[in-house]
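One structure below.
The values are calculated or read from the model by the stated rules, or taken from the named source; none is laboratory data. Predicted model, so just to flag it, every value in this text is computed and none were measured. Cβ: placed from backbone, ideal geometry, glycine included. Neighbour counts: every protein chain shown. These accessible areas exclude ligands, DNA and RNA; they are computed on the full protein's heavy atoms, side chains included. Shrake-Rupley method; radii C 1.70, N 1.55, O 1.52, S 1.80 Å.
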Amino acid sequence: MESLSTLVVHGATAETPANQPVSLPIYQSASWTFGDLDEVDAVYAGDKPGCIYGRNGTPNHRALENLFAKLHHTEAAVACASGMSALSAAFLGLLGQGSKVVASQDLYGSTLNALHDLGRFGVEVITIEITDLDRMQTALRGARMLVLETSSNPRLRIPNLHRLCAMARQAGALVLVDNTFASPYHCRPLQHGADIVMESLTKFVSGHSDVMIGALAGRRDLIEPIRSVAVRMGLVSNPHECWLSVRGAETLELRMQRASSNAASLAQFLQAHPKVRKVHYPGLPSHPDHQTAQGVLQNGFAAMLSFELEPSRQAVNTLLHNLRYIKLALSLGGVSTTLSHPATSSHRFLSRAEREQLGLHDGFLRMSVGIENLDDLKGDLEQALSYL
Ligand SMILES: Cc1ncc(COP(=O)(O)O)c(C=O)c1O
């Protein structure tokens, strides 16, 4: 009879079912066993399907990666611990001392800061207004990588992806596009000529504000060196987050249809409202990139919009105190409609003068539109705006 101490470690056995579960189980194990040394060799060589160690990935990682690669119609993907770790893996995997990176000056602040951090390792970063194509042409000479976003934050400017990718290709630079705001439902940047697509799956793809995860997809010869770095440096995701992200992605199309249609209606509603000074939404003909957006985005114009009240912190606080459903939350892409305030969040470390130069005054708000009933959202905004 085994002792209790042995039983509690080895006694919880169950047969592996011969049939398949509908939902992939969560492989919550940091290490895997091998029958003998030949099996170790076979798994390392890829001759036998198997897992090695948590950091090398589990079936949950592989499921999400296969899904993400398929969603972007490409060969390979790697899942990372967050959008930022995916970007870091791409930079560490593809850049080296002396590499020049050209980046949109409107990139998400942490992405720009991460690129500037790489300055300590000899990476040169040039930031550029992406509509300035002449400067772009000059800057791209000798560049290793061009970094863009499908949609900028918070003014939602849309780059001419096709044109910029062609310019980068001519200059021999790789193009990495952060597609977080669009998701594969609204844009597949690789089809416009980009080499690597990155998404913070924390946002629309997972969709429920309960996961931190990111992924990169592209040709196998680009993704595999990045995967090696991500595994070595510990930038990878974990089985539970991968599982949650796959589960969230199942409803991506339904959520995006509803959220982007809500966003288009709310953009019109806000534009017509006397208390709103300006609305930024690429689906509105008044948006400077409306035309470009029609070539870059598909299935509508996505679920992010920004709007301007009078330039007053008090006006924003009054709105926030009176909204019933729409909350202030400094992220995006969940099923609920949320607001963020660039002046006190994403752009809080800029001086007031720098913010004003970007037009990000105290009354500027960004909205991530969710899947609630449209009339309830309009009603919530209408009643809260009436207090201004
Ligand atoms: C456009 C964009 N890219 C990347 C990130 C980083 O993603 P994560 O927070 O998952 O690291 C964010 C986060 O807000 C983002 O908005």
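Quick notes
- Within the shell defined by Cβ-Cβ distances under 14 Å, the residues around Arg324 carry a net charge of -3, with Lys and Arg each +1 and Asp and Glu each -1.
- Per-pair calculated FRET efficiency, R0 = 41 Å: Asn113 and Leu37 via Cβ, rounded to 0.05: 0.35
- Relative contact order computed over segment 252-385 (Cα-Cα under 8 Å; 6+ residues apart), in percent: 30
- Compared with the dominant Cα axis of the chain, that is its longest principal axis, helix 83-94 is turned about 70°.
- Separation of alpha-carbon centers, segment 168-197 and segment 121-157, rounded to whole Å: 13
- Computed about its Cα centre, the charge dipole of the chain is approximately 1040 debye, with only Lys, Arg, Asp and Glu carrying charge at their Cβ.
- Peptides 345-358, 35-48, 151-164 ranked from most to least packed by the mean count of surrounding Cβ atoms within 10 Å: 151-164, 345-358, 35-48.
- Pairs from Lys203/Lys275; Lys278/Lys378; Lys100/Lys203; Lys70/Lys327; Lys70/Lys378 whose Cα-Cα separation, in the structure shown, is over 25 Å: Lys203/Lys275; Lys100/Lys203; Lys70/Lys327; Lys70/Lys378
- Taking every alpha-carbon pair under 8 Å whose residues sit at least 6 apart, the chain reaches a relative contact order of 16 percent.
- Of Arg227, Arg120, the order by accessible heavy-atom surface (1.4 Å probe, DNA, RNA and ligands excluded), from most exposed downward, is Arg120, Arg227.
- The calculated FRET efficiency for Val22 paired with His240, based on their beta-carbon distance and R0 = 22 Å, is about 0.75.
- Stretch gain in nm, segment Arg313-Ser345, where the contour uses 0.36 nm per residue and the Cα spacing is subtracted: 10.2 nm
- Straightening the chain between Leu254 and Asn299 buys 15.0 nm, computed as 0.36 nm per residue apart minus the Cα-Cα spacing.
- C-alpha center-to-center spacing [segment 349-388, segment 71-96] in angstrom: 32
- Label point at Arg247 placed 7 Å out along Cα→Cβ; residues across segment 48-74 whose backbone nitrogen lies under 16 Å: 60-61, 63-64
- The length gained on full extension between Arg324 and Lys70, counted as 0.36 nm times the residue separation minus their Cα-Cα distance, comes to 87.6 nm.
- Neighbourhood charge, 11 Å Cβ-Cβ cut-off, centred on Asn153 and excluding it, Lys, Arg +1 and Asp, Glu -1: 0
- Note on Asp132 and Tyr53: with the Förster distance fixed at 51 Å, the Cβ-Cβ geometry gives a FRET efficiency of about 0.60.
- Residue-count net charge about Gln291 - beta-carbon cut-off 15 Å; Lys, Arg +1, Asp, Glu -1: +1
- Charge-dipole axis of the chain as Lys and Arg at +1 and Asp and Glu at -1 on Cβ define it, positive-most pick from Thr318, Leu7, Ile226: Thr318
- Packing, as the average of other Cβ atoms within 10 Å across residues, places the peptides 14-20, 271-277 in the order 271-277, 14-20, highest first.
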